[in-house]
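Presented below is the structure to which this report refers.
The values are calculated or read from the model by the stated rules, or taken from the named source; none is laboratory data. Small disclaimer: the values here were computed from a predicted structure and weren't measured. Cβ placement follows ideal geometry from the backbone for every residue including glycine, while neighbour counts extend to all protein chains displayed.
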């Protein structure tokens, strides 16, 4: 088993096939079918590949074909799924005794 020290540079390299994947969250705004002046939201989250977001585009295609709510707008955010961990220090005195 490989031992790691506390520097990110010494971390073993991750699987290169995952390097383009990010945890992607889309906030989808759509019009209600019976009340077209009202907008509702739906949150979608999936591991998706940058920069094209193929899973998100597939989902939006499904939405437009199968769901009656017309899309209004979409807000997308993403974060790396593989990154060095962080230690956060506290000075509150609420440390867990070992």
Is there a residue being touching a strand residue (DSSP E or B) at 6+ places or on another chain (Cβ under 8 Å) and part of a loop (DSSP other than H, G, I, E, B) anywhere in region 76-85? yes
### Query
Is it fair to say residue 14 is in contact with a helix residue (DSSP H, G or I) (Cβ under 6 Å, 6 or more places away or on another chain), at pLDDT below 95 and either surrounded by 11 or more Cβ atoms within 10 Å (Cβ to Cβ) or part of a helix (DSSP H, G or I) (or both)?
no
Flagged pairs (Cβ under 9 angstrom, 6 or more apart or on separate chains; first in region 34-52, within 25 Å of residue 21 (Cβ to Cβ); second at pLDDT below 95 and assigned to a loop (DSSP other than H, G, I, E, B)) are 42/69; 47/81; 49/20; 50/20; 51/20
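Results for (1) on the phi < 0 side of the Ramachandran plot; (2) modelled with pLDDT of 90 or more; (3) over 17 Å from the mean Cα position of the chain (by Cα); (4) in a strand (DSSP E or B), shown as yes or no for each residue.
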residue: 60; (1), (2), (3), (4): yes, yes, no, no
residue: 63; (1), (2), (3), (4): yes, yes, yes, no
residue: 74; (1), (2), (3), (4): yes, yes, no, yes
residue: 87; (1), (2), (3), (4): yes, no, yes, no
residue: 92; (1), (2), (3), (4): yes, no, yes, no
residue: 97; (1), (2), (3), (4): yes, no, yes, no
Scanning region 26-58 for residues that are under 15 Å from the mean Cα position of the chain (by Cα) and assigned to a helix (DSSP H, G or I) gives 54, 55, 56, 57
